[in-house]
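Student: Before we start, here is the structure in question, set down as structure tokens.
The values are calculated or read from the model by the stated rules, or taken from the named source; none is laboratory data. It should be emphasised that the depicted structure is a prediction, and the values quoted were computed from it without experimental measurement. Here the Cβ positions follow ideal geometry from the backbone for every residue, glycine too, while neighbour counts run over all protein chains shown.
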Amino acid sequence: MTSNAVFAAVASPTRRRILDLLQHRGRPAGELVAAFPRLPQPAVSRHLRVLREAGLVRVTPRAQQRIYSLSAARLREVDEWVAEYRSFWSGRLDALALHLDPPDRPESPPRRRDA
């Protein structure tokens, strides 16, 4: 079962955006703060702390910087939980596709454009 702390962490749009920024590479804390010009530095630091405490990111000190990167193990827990519901969604989407475009419906001729 996935920890409630993980879901609480990803419930915030700001924290999801931070995860998006870390998707391809680790980033220094200053770069993450700069990505949110409307938020004060302490607010971004609090978001980073929540992500770190939930185990979604890890911090590596490098000289005077703190480099944040994704922690895939906790994200995998979220994916495994969501996987239980994928069949529900795909079945519903398949039904919707059949409803919108039934196989026995004759195709309509292309519209003629008058020039």
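Student: Restricting attention to the stretch 12-19, does a residue exist that is farther than 16 Å from residue 77 by Cβ, of a type in the set (Ser, Thr, Tyr) and within 16 Å of the chain's Cα centre (by Cα)?
Tutor: yes
Student: Inside the stretch 24-70, can you point out the residues that are more than 21 Å from residue 6 (Cα to Cα) and among the aromatic types (Phe, Trp, Tyr)?
Tutor: Hit for the stretch 24-70 is 36, nothing else.
The rows are residues; the columns are (1) within 17 Å of residue 82 (Cβ to Cβ); (2) out of contact with any Leu (no Cβ under 8 Å at 6 or more places or on another chain).
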{"site": "10", "(1), (2)": "yes, no"}
{"site": "19", "(1), (2)": "yes, no"}
{"site": "22", "(1), (2)": "no, no"}
{"site": "36", "(1), (2)": "no, yes"}
{"site": "41", "(1), (2)": "no, yes"}
{"site": "48", "(1), (2)": "no, no"}
{"site": "63", "(1), (2)": "no, yes"}
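Student: What is the residue count in the stretch 17-42 for residues that are loosely packed, with under 13 Cβ neighbours inside 10 Å, charged (D, E, K, R) and either in contact with a Cys (Cβ under 7 Å, 6 or more places away or on another chain) or closer than 19 Å to residue 71 by Cβ (or both)?
Tutor: Looking only at that region, the number is 2.
Student: Identify, please: which residue in the stretch 43-90 is of a type in the set (Asp, Glu), at pLDDT below 90 and exposed (fewer than 13 other Cβ atoms within 10 Å of the Cβ) and is, among those, nearest to residue 24 (Cα to Cα)? Quick ask: steps written out before the conclusion?
Tutor: The first filter runs over the stretch 43-90 and keeps only residues of a type in the set (Asp, Glu), leaving 53, 77, 79-80, 84.
Right, trim to at pLDDT below 90 and you get 77, 79-80, 84.
Add one more test, that the residue is exposed (fewer than 13 other Cβ atoms within 10 Å of the Cβ), and what stays is 79-80, 84.
On the way: 79: 18, 80: 21, 84: 26 Å.
Here the residue is 79.
Student: Write out, first by first residue and then by second, each pair whose Cβ atoms fall under 7 Å of each other, whose residues are 6+ apart or on separate chains, and whose first residue, in the stretch 44-73, is in contact (Cβ under 8 Å) with a residue 24 or more places away in the chain and closer than 15 Å to residue 13 by Cα while the second is in a loop (DSSP other than H, G, I, E, B) and among the small types (Gly, Ala, Ser).
Tutor: 47/12; 56/71
Student: Right, here's the next one. Is it the case, given these coordinates, that residue 22 is modelled with pLDDT of 85 or more, touching a strand residue (DSSP E or B) at 6+ places or on another chain (Cβ under 6 Å) and aliphatic (A, V, I, L, M)?
Tutor: When the stated conditions are applied, residue 22 passes them.
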